[in-house]
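Student: This is the structure, below, for whatever I ask next.
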Amino acid sequence: MLAETLQDFAIKYSDQIVRKATGGNEQAFSKLMSLWYKRIYNFSYKYFLNHDTAMDVTQKTFISVHKSIRKLKDVTSFKPWLYRIALNKCHEEERRMKRRKWFSLFGANEDSQQGELWLEPPAEGPFYNPDQSVDDKELEELVLECLSELPEEQRILIIMKEYEGLKFREIAVVLNISESTAKSRLYYGLKTMKLILEKKNFTYYGF
Amino acid sequence: MDSKLLYEELMAYLYGEMSAGEKKQFEQRLLENPELAGEMKEMSQIKKVVGQVKDKEVIDPFFFGAKGTGTAWQTARIIGNSILKPAIGLAAGISLIIILGYFTGLHVSTDAGYLNITFGQSVERSVTQNDNYVNTDKVIDIVNVMLQEERAYQADRIDNIEKNFSTRLTSGYQNQQQEINSALTENAVFNNQMITKFVRQMQQDNLEYLERYFELSNSAQQQYVLTLLTEFSAYLESQREEDLRQIVAGLSDLKENQELQKMETDQVLVSILNTVNNQNN
């Protein structure tokens with residue numbers, strides 16, 4: 001899915017920058033952040049489907065990275081290390097949001113606010129009629145909505161593999177599971193996606 | 001698709017994480033197994049649909065790097081879209097100060113390096129010039145003196161570096177010259193030995209060549225003379241035989257002529273005898 005952009009290319013060959021950043025070079029850290037900011041934001045966005053939460057998580061991720069980057073011994077493992085921090089921050093944020101919802105005196109308001117995190121199911125539209133052309137934006141929203149309905153362990157696999165382009169070996173490191181488990185979770189994730197899409201009467205017209 | 005291994009392979013193939021050999025083998029299985037091929041097609045379709053989600057663009061924030069602990073950095077923090085909040089806060093603070101200043105008669109001024117903040121009526125404050133007071137001119141003077149000292153120090157350093165460099169260059173050149181000379185001397189001795197050996201070897205070789213040449217030459221000449229003598233002897237023999245043939249032929253002719261002459265003589269005698277007989281008759 002990821003088209004090779006100049007930024008992706010720079011990310012691929014960012015070992016030198018990571019090495020400098022681990023040595024405490026602030027300029028290198030700044031460069032590293034500008035390289036990876038978009039990726040971590042998009043990762044967080046697909047996890048929460050909310051811009052503000054994704055921004056918060058991204059910032060917290062980079063604060064954490066800045067705190068502990070000197071402890072990173074192997075620069076080649078930077079990518080899985082970074083995503084592991086980002087995933088931890090996502091989990092923290094999720095817990096925090098649940099606590100806030102639980103203890104809030106204005107539960108109803110919180111609910112409605114919480115509801116904004118997830119996209120509303122699209123009203124009857126082009127997805128329900130294969131003869132109508134499917135607008136890209138609407139298709140994107142539908143896919144994200146289906147993604148949000150997946151179990152967390154399958155959702156995270158699809159995000160990491162399909163959108164972030166991590167290797168199975170890297171995903172295994174991030175999630176502390178075997179490569180084999182990563183592959184099977186992705187397989188079941190895609191299968192479940194198919195079922196959810198079918199439930200929403202989506203047809204593969206044009207795919 | 002019951003086999004766990006099979007769908008692991010399916011995922012590896014779908015996301016291009018197979019080696020060339022594994023890929024080829026798997027493609028062969030896809031050709032042989034229609035069920036697997038169907039599963040693959042289904043997975044490709046769903047992957048394509050999932051892949052329709054594009055990245056959201058986001059502007060990465062300014063980063064104010066602060067040396068020290070993470071906590072200090074956190075205070076400096078990343079400023080993203082939330083840059084508006086502190087900006088508004090700052091503006092509100094300044095506005096509040098201005099309004100309060102207006103109502104309380106706040107007066108802020110600087111005088112000879114002092115910051116004066118007064119409320120209500122401004123009070124003239126006598127500023128006594130102190131010898132220790134550092135004004136702009138003094139600062140400029142200090143800076144100039146420091147600059148001159150720094151320039152002099154740098155010039156000295158450059159001189160020292162040049163001298164050191166020159167000394168090192170000269171000594172290095174001399175060392176290299178000595179090394180080259182000693183290498184040349186060593187090589188000269190070695191070369192003489194080599195040349196002597198080479199010449200000796202060459203002389204030996206030449207001698208062998210000449211001996212061989214003469215041996216070959218003598219043998220060839222002997223062979224040639226022998227051949228020549230044999231050929232000459234054969235020639236003489238053939239000439240002698242030819243001469244003998246010619247002599248025999250000549251003798252034979254002579255004998256024939258003699259017989260012919262004898263016959264002619266006989267005929268003449270017969271005719272004379274006939275003539276005489278006729279005359280007598």
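Student: How far apart, in nm, are the 7 Å Cα→Cβ label points at A:Leu195 and B:Asn280?
Tutor: Each label point lies 7 Å from its Cα, and together they span 17.6 nm.
Student: Would you work out if the stretch B:4-49 is rounded, prolate or oblate? Take a ≥ b ≥ c from the square roots of the eigenvalues of the alpha-carbon gyration tensor; rounded if a/c is under 1.5, else prolate when a/b is larger than b/c, oblate otherwise. Before the final figure, lay out the partial values.
Tutor: Numbers: a/c = 1.72, a/b = 1.19, b/c = 1.44.
Here the stretch B:4-49 falls in the oblate category.
Student: Give me the inter-chain shielding for B:39-52: mean count of other chain Cβ atoms within 10 Å, whole number please.
Tutor: Details: counts 2, 0, 1, 4, 5, 2, 4, 10, 8, 4, 12, 15, 5, 9.
Other-chain Cβ atoms within 10 Å of each residue's Cβ, averaged: 6.
Student: Please order A:Trp81, A:Trp102 by the number of other Cβ within 10 Å, starting at the fewest.
Tutor: Numbers: A:Trp81 21, A:Trp102 9.
Ordered from fewest to most neighbouring Cβ atoms within 10 Å, A:Trp81, A:Trp102 come out as A:Trp102, A:Trp81.
Student: Here's a follow-up. My understanding is that a pair violates if its Cα-Cα distance is over 31 Å; which of A:Lys200/B:Lys24; A:Lys183/B:Lys56; A:Lys73/A:Lys194 do that in this structure?
Tutor: Values: A:Lys200/B:Lys24 37 Å; A:Lys183/B:Lys56 26 Å; A:Lys73/A:Lys194 41 Å.
Check vs 31 Å cut-off fails for A:Lys200/B:Lys24; A:Lys73/A:Lys194.
Student: Can you give the FRET efficiency for B:Thr110 and A:Asn88, using 1/(1 + (r/R0)^6), R0 = 51 Å, r = Cβ-Cβ distance, to the nearest 0.05? It would help to have the intermediate numbers written out before the result.
Tutor: Numbers: r = 51 Å, r/R0 = 1.00.
With a Förster radius of 51 Å, E is 0.50.
Student: Using modelled amide H (1.01 Å from N, peptide plane; none on Pro or chain starts), what sits under 5 Å from the amide H of B:Asn116, excluding residues fewer than 5 places away?
Tutor: B:Ser109, B:Thr110, B:Asp111
Student: How far, in nm, would the chain grow between B:Glu149 and B:Asn33 when pulled straight, counting 0.36 nm per residue and subtracting the alpha carbon separation?
Tutor: Working: separation 116, 0.36 × 116 = 41.76 nm, distance 8.65 nm.
The span from B:Glu149 to B:Asn33 would gain 33.1 nm if fully extended.
Student: Still on this structure, I have one more. Report the label-to-label distance for B:Leu100 and B:Met263 in nanometres (one decimal), using points 7 Å from each Cα along the Cα→Cβ vector.
Tutor: Going by the 7 Å Cα→Cβ label model, 18.1 nm.
Student: So, in nm, how far is label A:Tyr188 from label B:Asn181 when the simple model puts each one 7 Å beyond its Cα toward the Cβ?
Tutor: About 8.7 nm separates the two model spin labels.
Student: Roughly how crowded by other chains is peptide A:65-77, in terms of the mean Cβ count from those chains within 10 Å of each of its Cβ atoms? Provide the component values of the computation, followed by the final result.
Tutor: On the way: counts 0, 7, 5, 1, 0, 0, 0, 0, 0, 0, 0, 0, 0.
Average per residue, whole number: 1.
Student: Of the listed peptides B:18-28, A:167-177, what is their order by residue-averaged count of other C-beta atoms within 10 Å, with the highest listed first?
Tutor: Result, highest mean Cβ count within 10 Å first: A:167-177, B:18-28.
Each value in this text was obtained by applying a stated rule to the coordinates, not by laboratory testing. Predicted model, so just to flag it, every value in this text is computed and none were measured. With ideal geometry, Cβ positions are generated from the backbone for all residues, glycine too; neighbour counts draw on all protein chains shown.
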